[in-house]
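Following: one structure in structure tokens, then a few remarks.
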């Protein structure tokens, strides 16, 4: 010790020259400064608001909203409260995000795998798709889908009719929707029985595969068994479990059936395609990160192409794919706030209207931010959990 | 060296703490405008006749001219004004945060806006009402027939609320589509996404001109609301609101007395009120009481003309009749408060 420090100082180092003390001190001062600054900004804001005769509170949420919302998964009326209007906004954001994530993942997976195809044409088309859609700003794409594609569809009275039950016009896509009837209960019994049978078959097959110590697909028997029972049930049930509610022209618009509005459709198309281009790259890089030797080894022990992918490549690729995939999911959910551009009443759009009608910008902004934060953190947590689960199984 | 760094960082910290404190010190909007040497005015950029950016890059319109009038009164030069285009939903936050000095963007005066939004209204410059525009070939003449229709509207407007109120009162259901941009609203209507569009009648008249076939569209002969449109200032600076209000009154007064842009500089009169108005009386005159130059009203009229001239220049070309927007002496609603 003494050899290492030849200039040993006798006595203690004064604290203002002691690096260990200074380090803590500076951090403390910095923290204090940040807190003070925030406190002053907050005070300033309150002062400013008082000058305008405004107060910060959430009481307005119980007031009657007075404005209408064009679409939403729950019934809403202008006489409902601001709180309910906000909930409609949240539900709309959730539905566009969830459906968007599913679509983007499927399309992305397809193009990601296509980019690795040995076929030159498929490979090139996939590369062009990715480069084209991820390099054009999303807002531009959404507005393009809205004004240049969806709005150019024919008028209501000249709707394109598909199989007599589905209609497409510039007011939306109208599909027949299944309406449950009284005999649905009987069919549900069949479904329950089918499910039970499927579970039993799955376990039996899984045990068998374990005993044989062979790779295989344990649902190979269970899935067809379930489908057969369900199908038999469908025909054996007196009457049909569902009737089709067909959309029909009534007054200004088609009524009945299921409907996707142009706003929802163009936003969904824009978000899915844009994000899928990024997901395709994530999938491609994940698959390519598995070294070639692994595939060759799998083939040399006699695994088929599909088995190689399922048992060797994917278990190693998925842990690499999932973290960047999570980021893409979060991006999609947050990008859905571009809905305002095409008049889709999402969380931000409804919040914006609320801010304008009540003047409570800061509380509403806080509510919007917290909503997005909760959504993002939940998605993140779910994906992290999935990643841990899949890595444990894979290893 | 470390001591020096410590001192510097302490100084920086101290300054950063003090600056926000200083910034919160009240500076009146009038002083702010004078020090800056220019007025910042929030306007519409998509409404021909009221506020729009013309092809040669100049701002034109009725609301825009009122911005110029205020600049003329305060700074003596109608060109010392910067126009900020604002969406309907952005206008009140822009006013509350002090980003703009005055908002003149076809804004309706309502109780909620006067109280909860921290806005102070100057006298209305245009009395409007909400109407509906739709395709002629639908053959619709009353609101009840609109049941089930898709109706386009802009967000953050009183129109959005009036539409909900009216349909509830009539007991009909309509599908509202709420657009953030006026431009997208009329584009979608033109493409047939909506059956009808609802807004202030002046806006419908103004925007009908830019549809593909203006003659295919008709404005229903129904008015569902009162829409007094006027300039807005932020709540809490009464002196500034006085100035904006009296600039509006000055345009009314000039029309009542036949003072025009052409004759304002040579107007001969022995009427003491008109002399006070023009600033040709003795002393500091009316301008002094407002904190403005003595000849402020003359500057206003010289810059933009009286109300009638403003209307004729901007709104008559659209085909808007004057209606109730006439001086009270002719049976209208424009009534200047005495210049005394």
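Looking only at segment B:43-72, count how many residues are within 20 Å of residue B:243 (Cβ to Cβ) and more than 9 Å from the chain's Cα centre (by Cα). Don't jump to the end; show me each part of the working.
Of all residues in segment B:43-72, those within 20 Å of residue B:243 (Cβ to Cβ) come to B:43, B:62-72.
Filter once more, keeping what is more than 9 Å from the chain's Cα centre (by Cα): B:65, B:68-72.
Adding up the residues that qualify gives 6.
Do we have any residue at all in segment A:73-84 that's outside any loop (DSSP other than H, G, I, E, B) and within 19 Å of residue B:117 (Cβ to Cβ)?
Keep residues of segment A:73-84 that are outside any loop (DSSP other than H, G, I, E, B), which gives A:81-84.
So of that shortlist, the ones also within 19 Å of residue B:117 (Cβ to Cβ) come out as A:82.
Yes - at least one qualifying residue is present in segment A:73-84.
Residues to consider are B:216, B:200; find the one that is within 14 Å of chain A (Cβ to nearest Cβ) and either within 30 Å of residue B:143 (Cα to Cα) or in contact (Cβ under 8 Å) with a residue 12 or more places away in the chain (or both). Let's see the steps before the verdict.
Details: B:200 fails: within 14 Å of chain A (Cβ to nearest Cβ).
The conditions single out B:216.
Take the residues of segment A:51-72 that are within 14 Å of residue A:360 (Cα to Cα) and outside any loop (DSSP other than H, G, I, E, B): which is nearest to the chain's Cα centre (by Cα)? Don't jump to the end; show me each part of the working.
Within segment A:51-72, the subset within 14 Å of residue A:360 (Cα to Cα) is A:52-63, A:65.
From what is left, the residues that are outside any loop (DSSP other than H, G, I, E, B) are A:59-62.
Details: A:59: 32, A:60: 31, A:61: 28, A:62: 30 Å.
In this case the residue turns out to be A:61.
Of the residues A:5, A:70, which is touching a strand residue (DSSP E or B) at 6+ places or on another chain (Cβ under 7 Å), modelled with pLDDT under 90 and not assigned by TED's automatic domain parsing to the domain that holds residue A:95? Working first, answer last.
Values: A:5 fails: touching a strand residue (DSSP E or B) at 6+ places or on another chain (Cβ under 7 Å).
Just a single option satisfies the conditions, and that option is A:70.
For residue B:232, all conditions in the list (1) in contact (Cβ under 8 Å) with a residue 40 or more places away in the chain; (2) in contact with a strand residue (DSSP E or B) (Cβ under 8 Å, 6 or more places away or on another chain); (3) not assigned by TED's automatic domain parsing to the domain that holds residue B:105 hold save one; what is the number of the exception?
Every listed condition holds for residue B:232 apart from (3).
Filtering segment B:163-178 down to residues that are in a helix (DSSP H, G or I) and touching a helix residue (DSSP H, G or I) at 6+ places or on another chain (Cβ under 9 Å), which residue is farthest from the other protein chains (Cβ to nearest Cβ)? Quick ask: steps written out before the conclusion?
First, the residues of segment B:163-178 that are in a helix (DSSP H, G or I): B:163-170.
If we keep only those that are touching a helix residue (DSSP H, G or I) at 6+ places or on another chain (Cβ under 9 Å) as well, we get B:166-167, B:170.
Details: B:166: 10, B:167: 8, B:170: 13 Å.
Among residues in segment B:163-178 that are in a helix (DSSP H, G or I) and touching a helix residue (DSSP H, G or I) at 6+ places or on another chain (Cβ under 9 Å), the one farthest from the other protein chains (Cβ to nearest Cβ) is B:170.
Take residue B:61 and tell me if it is touching a strand residue (DSSP E or B) at 6+ places or on another chain (Cβ under 9 Å) and on the phi > 0 side of the Ramachandran plot. It would help to see each step written out before you state the result.
Working: touching a strand residue (DSSP E or B) at 6+ places or on another chain (Cβ under 9 Å): yes; on the phi > 0 side of the Ramachandran plot: yes.
So residue B:61 passes the test.
When you scan segment B:136-162, how many residues do you find that are in contact with a strand residue (DSSP E or B) (Cβ under 6 Å, 6 or more places away or on another chain), closer than 20 Å to residue A:78 by Cα and assigned to a helix (DSSP H, G or I)?
So the count comes out to 4.
Are any residues in segment B:50-104 more than 23 Å from residue B:238 (Cβ to Cβ), within 14 Å of chain A (Cβ to nearest Cβ) and in a helix (DSSP H, G or I), and if so, which ones?
If the condition is that a residue be more than 23 Å from residue B:238 (Cβ to Cβ), within 14 Å of chain A (Cβ to nearest Cβ) and in a helix (DSSP H, G or I), then B:88, B:89, B:90 are the ones that fit.
Which one of the conditions (1) crowded, with 17+ Cβ neighbours inside 10 Å; (2) in a helix (DSSP H, G or I); (3) outside the structural domain of residue B:184 (by TED's automatic domain parsing) does residue B:203 fail to meet, given that it meets all the rest?
It fails just one condition, (3).
Exposed (fewer than 15 other Cβ atoms within 10 Å of the Cβ) and in contact with a strand residue (DSSP E or B) (Cβ under 9 Å, 6 or more places away or on another chain) - does that describe any residue in segment B:237-253?
Here is the first cut: in segment B:237-253, the residues exposed (fewer than 15 other Cβ atoms within 10 Å of the Cβ) are B:238-239.
Subsequent filtering for residues that are in contact with a strand residue (DSSP E or B) (Cβ under 9 Å, 6 or more places away or on another chain) retains B:238.
Within segment B:237-253 (the criterion being exposed (fewer than 15 other Cβ atoms within 10 Å of the Cβ) and in contact with a strand residue (DSSP E or B) (Cβ under 9 Å, 6 or more places away or on another chain)), the answer is yes, since at least one residue qualifies.
Out of segment A:338-378, which residues are surrounded by fewer than 18 Cβ atoms within 10 Å (Cβ to Cβ) and away from chain B (no Cβ under 14 Å)?
Within segment A:338-378, A:366, A:369, A:370, A:373, A:374, A:376, A:377, A:378 meet the criteria.
If the requirement is being free of Cβ contacts under 8 Å to residues at least 12 places away in the same chain and either crowded, with 21+ Cβ neighbours inside 10 Å or more than 8 Å from chain A (Cβ to nearest Cβ) (or both), which of these qualifies: B:183, B:160, B:145?
Numbers: B:183 fails: free of Cβ contacts under 8 Å to residues at least 12 places away in the same chain; B:160 fails: free of Cβ contacts under 8 Å to residues at least 12 places away in the same chain.
Being free of Cβ contacts under 8 Å to residues at least 12 places away in the same chain and either crowded, with 21+ Cβ neighbours inside 10 Å or more than 8 Å from chain A (Cβ to nearest Cβ) (or both) holds for just one of B:183, B:160, B:145, which is B:145.
Residues in segment A:51-62 that are in contact with a strand residue (DSSP E or B) (Cβ under 7 Å, 6 or more places away or on another chain) and more than 10 Å from chain B (Cβ to nearest Cβ): how many?
Within segment A:51-62, the subset in contact with a strand residue (DSSP E or B) (Cβ under 7 Å, 6 or more places away or on another chain) is A:52, A:61-62.
Filter once more, so that each one left must be more than 10 Å from chain B (Cβ to nearest Cβ): A:61-62.
The total comes to 2.
Considering only segment A:128-156, how many residues are more than 10 Å from every other protein chain (Cβ to nearest Cβ) and in a helix (DSSP H, G or I)? Can you show your working first?
Residues of segment A:128-156 more than 10 Å from every other protein chain (Cβ to nearest Cβ): A:128-142, A:144-145, A:148-149.
Retained after the next criterion (residues that are in a helix (DSSP H, G or I)): A:128-134, A:138-142, A:144-145, A:148-149.
Total satisfying the criteria: 16.
Within 17 Å of the chain's Cα centre (by Cα) and either farther than 27 Å from residue B:323 by Cβ or surrounded by fewer than 20 Cβ atoms within 10 Å (Cβ to Cβ) (or both), is that true of residue B:114?
On the way: within 17 Å of the chain's Cα centre (by Cα): yes; either farther than 27 Å from residue B:323 by Cβ or surrounded by fewer than 20 Cβ atoms within 10 Å (Cβ to Cβ) (or both): yes.
For residue B:114, the condition - within 17 Å of the chain's Cα centre (by Cα) and either farther than 27 Å from residue B:323 by Cβ or surrounded by fewer than 20 Cβ atoms within 10 Å (Cβ to Cβ) (or both) - is met.
Condition check ((1) in contact with a helix residue (DSSP H, G or I) (Cβ under 6 Å, 6 or more places away or on another chain); (2) farther than 24 Å from residue B:326 by Cβ; (3) not in a helix (DSSP H, G or I)) across all residues:
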position	(1), (2), (3)
B:248	no, no, no
B:251	yes, no, no
B:269	no, no, yes
B:273	no, no, no
B:283	no, yes, yes
B:286	yes, yes, no
B:289	no, yes, no
B:293	yes, yes, yes
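Determine whether residue A:48 is closer than 24 Å to residue A:337 by Cα, part of a helix (DSSP H, G or I) and either modelled with pLDDT of 95 or more or at the interface with another protein chain (Cβ under 9 Å from one of its Cβ atoms) (or both).
Working: closer than 24 Å to residue A:337 by Cα: no; part of a helix (DSSP H, G or I): yes; either modelled with pLDDT of 95 or more or at the interface with another protein chain (Cβ under 9 Å from one of its Cβ atoms) (or both): yes.
In short, no.
List, please: which pairs have Cβ atoms under 6 Å, are six or more places apart or on different chains, and start with a residue in segment A:23-43 that is more than 10 Å from chain B (Cβ to nearest Cβ) and end with one that is surrounded by 11 or more Cβ atoms within 10 Å (Cβ to Cβ)?
none
The values are calculated or read from the model by the stated rules, or taken from the named source; none is laboratory data. If you're wondering where the values come from, they're calculated on a predicted model, not measured in any experiment. Using ideal geometry, Cβ is built from the backbone for each residue, glycine included, and neighbour counts are taken over all protein chains shown.
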